[in-house]
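Engineer: There's a structure below that I have some questions on.
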Amino acid sequence: MTRPAGRDPLLQMALRVEQDIFLVRQRGREVAAAVGLEHQDQVRLATALSEVARDLLRAVGGADVTFVLDRDPRTGQSVLRVDLAPARPLPDGRYQPQSGAVARLVDMLGVVTDGDDTVVRMSRRVPAQAEPLTPERLAQLRAELASSAPGTAMDELATQNAQLISALDEVRSQRDELEVLNSELQETNHGVMALYNQLTEELEETNRGVVALYAELDEKSAQLRAASESKSRFLANVSHELRAPVTAIIGLSRLLADSASDPLTAEQARQVGLIRSSSADLLGLVNELLDLAKAESGRIEPTWAEVDLRGLFGQLRGTLRALATRPAVELVVEEPPAPATVRSDEVLLAQVLRNLLHNGLKFTERGEVRLRAERRGDLWSLSVTDTGAGIPPELHERIFEEFYQVPGTTRVGGTGLGLPYARRLVTLLGGTLELTSEPGAGSTFTVVLPVGGA
């Protein structure tokens, strides 16, 4: 920061003897007050100036002191600058104040080169709210400072003492305020600690409740697992025990209806047909119960292999075409896009798709049941779409519950176990079974499987 060309100093004076230190301090305070520095900043500048003057008087025999009003080129703010040109060169061209606190009293303190001269420079910013220093005002300040008579050393010493007493009063006042603040802070700390202890106790009590709740949940979970295992064992045992007599009933009914046996009357033949049909339905229920029990107990282990979807779709097309007994319903099995391979268990996957197709044919009175496959990145989407009555949104999850069937006029025979079993198998294969359906718009069951298997 350099003085603009033509900028005249506010005041110049010489520092040569000990008494000049008091004059430099006094004049520095007067200049600071004239340009608009606040009282505390006036005292700080005067104190820093007297300390630097004392150091230079002892080290180099004094200095020429110049007060200049400058302007900071970065902010445009007025700055009061004091240059002290040493009477002799500074040792090593450097200056270090005896008191380290001096530099904190001003905004800038250091050795600078001003043209051919090396000076010790200090500066202090003039407050923005100070009276504007126009050229006319500066000329008036120079005249006032030049005409004012400097005080004696005793006058300056008295002023210094008054400033010191004022500073001590301010320090005492600040100390009293600090004590009050410390007292309030201690009370606040006591309140915070009491609140912290209360919250800690409440948290510990809550934690004990949570631990007790988790223990209860673990106990309930264990009971539910035990109940589920008991149910699975019961279903497996009952299904196994029922299969043999039901199979025997079916065999006997076939023998009675065989043409090689004694002829039956029309009524007897009808009754035997009912026995055989009911036994077949009961055997289907027993087999589904047994399959579901196996799936729930985790006794089904997929046999992983590369499955050709084209071959699997062709097999389903051939075996299920006979079930499409309604003339108004068409079974459509689309050819999967190449490469039509997925790593899965062919038997389990065929069971799932056969179950979905069979349901579609059962619950569709007219239109079509369509099986199609679509590759989406690393996933295969296998969907079975029908044009049946559709399923309300609130029942989309209920149909996957055991023994539940959607009520309606199109309800036909069934056990309500096929879809729960199908979803468990799809989960075993690492996929998901999703449903999209609306009343009157048919249903779409979608099996989503990873291409590389689970």
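Engineer: So how much slack lies between Gln12 and Val210, counting 0.36 nm per residue of separation and subtracting their Cα-Cα distance, in nm?
Structural biologist: On the way: separation 198, 0.36 × 198 = 71.28 nm, distance 8.17 nm.
Once the chain is fully extended between Gln12 and Val210, it gains 63.1 nm.
Engineer: Could you state the number of Å between the C-alpha centres of region 424-441 and region 42-78?
Structural biologist: Result: 88 Å between the Cα centres.
Engineer: Rounded if a/c is under 1.5, else prolate if a/b is larger than b/c, else oblate: which is region 61-119, with a ≥ b ≥ c the root eigenvalues of its Cα gyration tensor? Could the numbers behind the result be given before it?
Structural biologist: Details: a/c = 2.04, a/b = 1.38, b/c = 1.48.
Because a/c hits 1.5 or more and a/b fails to exceed b/c, region 61-119 counts as oblate.
Engineer: Starting from 0.36 nm per residue, how many nanometres of slack lie between Val112 and Ala269 once their C-alpha separation is accounted for? Intermediate results must be reported in sequence, preceding the final value.
Structural biologist: Working: separation 157, 0.36 × 157 = 56.52 nm, distance 12.65 nm.
Stretched fully, the Val112-Ala269 segment lengthens by 43.9 nm.
Engineer: Okay, next question. Size of region 344-405 along its principal axes in angstrom, Cα-based, largest extent first?
Structural biologist: 31, 28, 23
Engineer: Another question, then. Once you have the Kirkwood Rh of region 86-148 from its Cα pairs, apply Stokes-Einstein at 10 °C and 1.306 mPa s and quote D in µm²/s.
Structural biologist: Working: Rh = 14.8 Å.
The calculation lands on 107 µm²/s.
Readers should treat all values here as calculations from the given coordinates under stated rules, not as data from a laboratory. Since we're looking at a predicted model, the values are computed, not measured.
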